[in-house]
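The values are calculated or read from the model by the stated rules, or taken from the named source; none is laboratory data. Every value quoted in this text rests on a predicted model; they were computed, and no experiment measured them. Cβ atoms come from the backbone with ideal geometry, glycine included; neighbour counts cover every protein chain shown.
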Amino acid sequence: MNLTSIGDLARGLTLRTRATDIKTQIETLSYELSTGQVQDISGRLGGDYSQILDLDRSLARLDAFGIATSEATLFTDAMQLGLTTFGDSVADMTASLLAYGTANQPINHEQASVQAKNELDTMISALNSRVGGRSLFSGTATDVSPLPSSDTVLTALKTQLTGHATLADIRLAADTWFNDPTGFDAVIYQGSNNTLAPMQISENESVALPITATDPAFKAALRDVAVAALATDSALAISPDQRTALFTQLGADLANAQDATVKLRAGVGAAEARIEEAATRNSAARTSLEFSRNELIAADPYETAAKLQTVQFQLESLYSVTVRNANLSLVNFLR
């Protein structure tokens, strides 16, 4: 019988090569067990990457829409908060003017004008709201606040109202200045006349919020509150009886402006709902795509764990054989 043997150096090389191979298998199986996907993606897909590349492209697009919906949510939430603050001021001023309109007392008139000035500050502050460094109501000029201080507004308006004798003339002058393109829009408004572009929130859906500080609802409310703030100014020379009538008229008009503000809030609320629905759909689509991708390259955890245990046993056995071979000697054989 012919016996084939190899030398000690060759045997050592063979054992080291086998140990390296087993360690490589352990690393591969450990990676697959920890990540849940095969390491040799090309082998799993047979070299055809087209399907997984398409899934990755769709997932990347959904990631972009996820950022867009988050930004849109932040923007609309801040806009809704600003509109709520503005609307609350209008509501408070409406109730106060209607109440002050029933009292023909100079001290009450002074209180009404002071409150109107304070509410005008709040309303302008609400329209100057920012989020993420962007103005909400400045159109495309998001780097500037749309309105100056209330003092600037009142100074400009007082110039237009001074010299008018009747309440009708005063109110007409105020209305004309706020609605004239060369009046409020040119002198006071500092934003852009171009509204923001629609925000893309999904593959085929976008949300537009074309609201600026020059919206008629805003200007009507600002006009009436500003006139109320100037009603007791000596430059206008309005008598107590006229002030009482003026406050009553302004209170009634502000109620209408309040309704218009509510409609703006409803429009923003509808946009918020659409954004939330789009975010939900995008999230569901992402989950579905991730499941499909995992199905292509997923590693069975139970099978992988069993293989890993088997390979670890093989490595331990190899080490045992290596130790035995290392201890072989003629002296030990002759004992």
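Numbers below:
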{"read-out": "Verdict on GLN190 being outside any helix (DSSP H, G or I) and under 23 Å from the mean Cα position of the chain (by Cα)", "value": "no"}
{"read-out": "Qualifying position, being over 30 Å from THR244 (Cβ atoms) and of a type in the set (Ser, Thr, Tyr), among SER50, SER149", "value": "SER50"}
{"read-out": "PHE291 vs. criteria among the aromatic types (Phe, Trp, Tyr) and surrounded by fewer than 22 Cβ atoms within 10 Å (Cβ to Cβ)", "value": "yes"}
{"read-out": "Residue identified as within 33 Å of the chain's Cα centre (by Cα), surrounded by fewer than 20 Cβ atoms within 10 Å (Cβ to Cβ) and modelled with pLDDT of 90 or more among GLN51, GLN80", "value": "GLN80"}
{"read-out": "Failed condition for LEU196, given (1) touching a residue at least 24 places away in the same chain (Cβ under 8 Å); (2) not in a loop (DSSP other than H, G, I, E, B)", "value": "(2)"}
{"read-out": "Any hit, region 150-168, residues being buried (at least 19 other Cβ atoms within 10 Å of the Cβ) and assigned to a loop (DSSP other than H, G, I, E, B)", "value": "no"}
{"read-out": "Residue in region 139-146 that is farther than 30 Å from GLU71 by Cα and either part of a helix (DSSP H, G or I) or of a type in the set (Asp, Glu) (or both) present", "value": "no"}
{"read-out": "Checklist (1) without any contact (Cβ under 8 Å) to a residue 24 or more places away in the chain; (2) farther than 29 Å from ALA266 by Cβ applied to ASN204, failing item", "value": "(2)"}
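Here is a yes/no grid of residues against (1) among the charged types (D, E, K, R); (2) free of Cβ contacts under 8 Å to residues at least 24 places away in the same chain; (3) in a helix (DSSP H, G or I); (4) crowded, with 21+ Cβ neighbours inside 10 Å:
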{"position": "PRO210", "(1), (2), (3), (4)": "no, yes, no, no"}
{"position": "ALA220", "(1), (2), (3), (4)": "no, no, yes, yes"}
{"position": "ARG223", "(1), (2), (3), (4)": "yes, no, yes, yes"}
{"position": "ALA229", "(1), (2), (3), (4)": "no, no, yes, yes"}
{"position": "ILE238", "(1), (2), (3), (4)": "no, no, no, yes"}
{"position": "GLY251", "(1), (2), (3), (4)": "no, no, yes, yes"}
